[in-house]
Amino acid sequence: MEAFENIVGSINGLVWGPPMLILILGVGLFLSLGLKLMPVLKIGTGLRLMWTGRSSKDAESDGEIPPFQALMTALAATVGTGNIAGVATAIFLGGPGALFWMWLTALVGMATKYSEAVLAVRFREVDERGVHVGGPMYYIRNGLGKKWAWLGVLFAIFAAIAGFGIGNTVQANSVADVMEATFGLPHWISGVILMVLVGLVLIGGIRRIGRVASALVPLMALSYLVAGLIVLGINFSEIPAAFALIFEHAFSPIAAEGGFAGAAVWAAIRFGVARGVFSNEAGLGSAPIAHAAAQTKNPINQGMVAMLGTFIDTIIICTITGLVIITSGTWISGESGAELTSMAFAQALPGVGDYVVALALAIFAFTTLLGWSFYGERSVEFLFGVKAIVPYRVAWVLAIPLGATVNLGLVWLVADTLNAMMALPNLIALLLLSPVVFKLTKEHFERKTAAGF
């Protein structure tokens, strides 16, 4: 096991080295500039489209679920342990400055997520069951042509396997850890409970996942935000100092203090970007798989709904977690992961805070298990056809209790590595297909202007 961990660690260092971080941020920046910062400037429009997209009013719309449910399914997969354990790990390894790099990743990531969803709707297909399927593997094959089909196959392979890391074992493991620490529940019991609940939802396919996600995601996100804002209200006097730490140490090293080992600027950048991508998944190519199922004929509208996922996940939820940790002072305690976040909430809300984190993490992870199972299904369907869906679901459900008992360090390492390997084919495709995104976007807004909107 130690030898395997060393091998994965070596691969991780390679795939998350400077070239990958430059590629992720560079593609996001290129798309942002090509879109003339439209994703950031049109957040209000995106919110309106999200609200009106709670149900499909167009009877002729393609797709299986309303645009709002598509966003909630994507958010179900992205709002997970990355928002609680991932932010804490980034601060533990990279210092407060890591939060700044998470923000930057998210701002350029909005353009990435927008572009992914536009291409997903534009190049989606209907499978033999009459269901709409899409995502990077489809926009690579249908947008770039047969000579690039191998790149789509690579993405599907990495996504099908990566799901068991980022979307399954990491989630189950984090839930089991925090449930044992908070409620004394053995790891295997948490794993079995999650397995049963996830299995019950997966039987209903994407429509049931969409309904469950649209009910749970807004509730859990709002509840966590309210709890976080209460803590920040209690720690209000520390907020200016927290922002000073974030901006100062985004560009300068931070010395060891208390249980904090110190961190170079490179650590802040590396772990801020890596955990930012892990949390909001912009550039990974996962979210467009959900948006391809939206009931819409307009790729641009779905793109503007999709980009909100990155904004909500990182700019709002991860920021709350990061500020709670930094303002509480617990970031120098030596704790990491979900335990650090739990300690920060418990300090401000004794007897309540750790329960808030435990329940939020459990629900976040549960919905992530649902969203990522759908991504994995679509990937194996692309590779092997619809006959592979049921075996994949069975394997997915059985992996949950196993993941609940695996060493967390190795799980994070494997998940991080597979993230990068997923991102590469998708980022290449986004660059090559960017003229399509720019053209569709320009035409859409020209029509809007001509119509007087």
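Of the listed pairs 147/297; 42/113; 297/442; 42/439; 147/387, which have alpha-carbon separations greater than 21 Å here?
From 147/297; 42/113; 297/442; 42/439; 147/387, over 21 Å: 147/297; 147/387.
Return the tail of the calculated pair distribution for the range 341-453, meaning the percent of Cα-Cα pairs more than 20 Å apart.
On the way: 4282 of 6328 pairs.
Roughly 68 percent, rounded to a whole number.
Where does each of 278-285, 378-385, 144-151, 97-104 land if you order them by average Cβ count within 10 Å, highest first? Present the calculation step by step, with values, prior to reporting the outcome.
Values: 278-285: 30.8, 378-385: 20.9, 144-151: 13.1, 97-104: 26.1.
Listed from highest to lowest mean packing, they are 278-285, 97-104, 378-385, 144-151.
For residue 7, put the label point 7 Å out on the Cα→Cβ axis and report which residues of the range 411-438 keep their amide N under 19 Å from it.
Inside the label zone: 411-422.
For the chain, what is the mean residue ellipticity at 222 nm derived from helices alone (per DSSP H run of n ≥ 4: -39500 (n - 2.57); sum divided by total residues; nearest 500 deg cm²/dmol)? Can you show the working numbers first?
On the way: 21 runs with 331 residues, N = 453.
Helix contribution divided over all residues of the chain: -24000 deg cm²/dmol.
Give the peptides 238-251, 73-86 in descending order of average Cβ contacts within 10 Å, highest first.
Packing order, densest peptide first, comes out as 73-86, 238-251.
What number do you get for the range 133-213 when its Cα radius of gyration is normalised by 2.2 N^0.38 Å, N = residues?
Working: Rg = 17.5 Å, N = 81, 2.2 N^0.38 = 11.7 Å.
In units of the 2.2 N^0.38 Å rule of thumb, it is 1.49.
Show 174, 237 ordered by accessible area, largest first, where the area counts protein heavy atoms only and the probe is 1.4 Å.
Values: 174 5, 237 95 Å².
Heavy-atom accessible area, descending, gives 237, 174.
What accessible area per residue, rounded to a whole number of Å², is obtained for the chain using a probe radius of 1.4 Å? Walk me through the numbers on the way to the answer.
Details: 16670 Å² over 453 residues.
Dividing the accessible area of the chain by its residue count gives 37 Å².
Suppose R0 equals 30 Å. What FRET efficiency, 1/(1 + (r/R0)^6) with r the Cβ-Cβ distance, do residue 36 and residue 243 give to the nearest 0.05? Walk me through the intermediate numbers first.
Working: r = 29 Å, r/R0 = 0.96.
Calculated value: 0.55.
Taking Rh as the Kirkwood radius, which is the inverse of the mean 1/r over Cα pairs, what is the Rg/Rh value for the range 85-186?
For the range 85-186, the value is 1.11.
Have a look at 100, 167, 152 and report the one farthest towards the positive end of the charge dipole of the range 76-189, computed about the Cα centre with Cβ charges (Lys/Arg +1, Asp/Glu -1).
Positive-most Cα among the choices belongs to 152.
Say a paramagnetic label sat at a point 7 Å from the Cα of residue 208, along Cα to Cβ; which residues of the range 279-307 have their backbone N under 20 Å from it?
Zone members listed by number: 290, 293-294.
Tell me, what ³J(HN,Hα) does each residue in the range 91-106 have, in order and in whole Hz, if you take phi through Karplus 6.51 cos²θ - 1.76 cosθ + 1.60 with θ = phi - 60° and put x for Gly and Pro?
5, 4, 8, x, x, x, x, 4, 5, 4, 6, 5, 4, 4, 4, 6
Taking the Cα centre of the range 126-263 as origin and charging only Cβ (+1 Lys, Arg; -1 Asp, Glu), how large is the dipole, in debye to the nearest 20? List each step's numbers first, then the result.
Values: 7 positive and 7 negative charges, 189 e Å.
The calculated dipole for the range 126-263 is roughly 900 debye.
Mind putting a number on the dipole of the range 337-453 about its Cα centre? Charges go on the C-beta only, +1 for Lys and Arg and -1 for Asp and Glu, and I need it in Debye to the nearest 20. Could the numbers behind the result be given before it?
Values: 7 positive and 7 negative charges, 105 e Å.
Rounded to the nearest 20 debye, it is 500 debye.
Would you kindly state how much longer the chain becomes between residue 161 and residue 432 on full extension, computed as 0.36 nm times their sequence separation minus their alpha carbon distance, in nm to one decimal? Each step should come with its number before you reach the end.
Details: separation 271, 0.36 × 271 = 97.56 nm, distance 2.50 nm.
Going from the current span to full extension adds 95.1 nm.
Cα centroids of the range 64-127 and the range 155-216: how far apart, whole angstrom?
18 Å
Between residue 383 and residue 149, what is the label-point separation in nm under the 7 Å Cα-to-beta-carbon projection?
Placing both labels 7 Å along Cα→Cβ, they lie 1.7 nm apart.
Hey, any idea what % of the chain's accessible area is carbon plus sulfur with a 1.4 Å probe? Mind dumping the intermediate values first?
On the way: 11630 of 16670 Å².
With neighbouring chains kept in place, the figure for the chain is 70 percent.
With charges only on Cβ, +1 for K and R and -1 for D and E, what is the dipole size of the chain about its Cα centre, in debye, rounded to 20?
On the way: 25 positive and 25 negative charges, 345 e Å.
Once rounded to the nearest 20, the dipole reads 1660 debye.
Hey, if you put +1 on the Cβ of every Lys and Arg and -1 on every Asp and Glu Cβ in the range 48-181, which of 71, 137, 181 ends up farthest toward the positive end of that dipole?
Projecting each Cα onto the dipole axis, the largest value belongs to 137.
Once you place label points 7 Å from the Cα toward the Cβ at residue 255 and residue 355, how far apart are they in nm?
Placing both labels 7 Å along Cα→Cβ, they lie 4.2 nm apart.
For the range 1-144, what percent of Cα pairs sit more than 26 Å apart?
On the way: 4205 of 10296 pairs.
The answer is 41 percent, as a whole percent.
Would you list, by chain and number, the aspartates and glutamates whose Cα falls below 16 Å from the Cα of residue 146, excluding same-chain residues fewer than 8 positions away?
Within reach: 125.
Rg (Å, one decimal) plus Dmax (Å, integer) for the alpha carbons of the chain?
Rg then Dmax for the chain, in Å: 20.6, 64.
List, largest first, the extents of the alpha carbons of the range 264-345 along their principal axes, each in whole Å.
Largest to smallest, the principal-axis extents are 51, 27, 16 Å.
The values are calculated or read from the model by the stated rules, or taken from the named source; none is laboratory data. Small disclaimer: the values here were computed from a predicted structure and weren't measured. Methodologically, a virtual Cβ is constructed for each residue, glycine included, from the backbone with ideal geometry; neighbour enumeration extends over all protein chains shown. Calculation scope for accessible area: heavy atoms of the full protein, side chains included, ligands and nucleic acids excluded. Shrake-Rupley method; radii C 1.70, N 1.55, O 1.52, S 1.80 Å.
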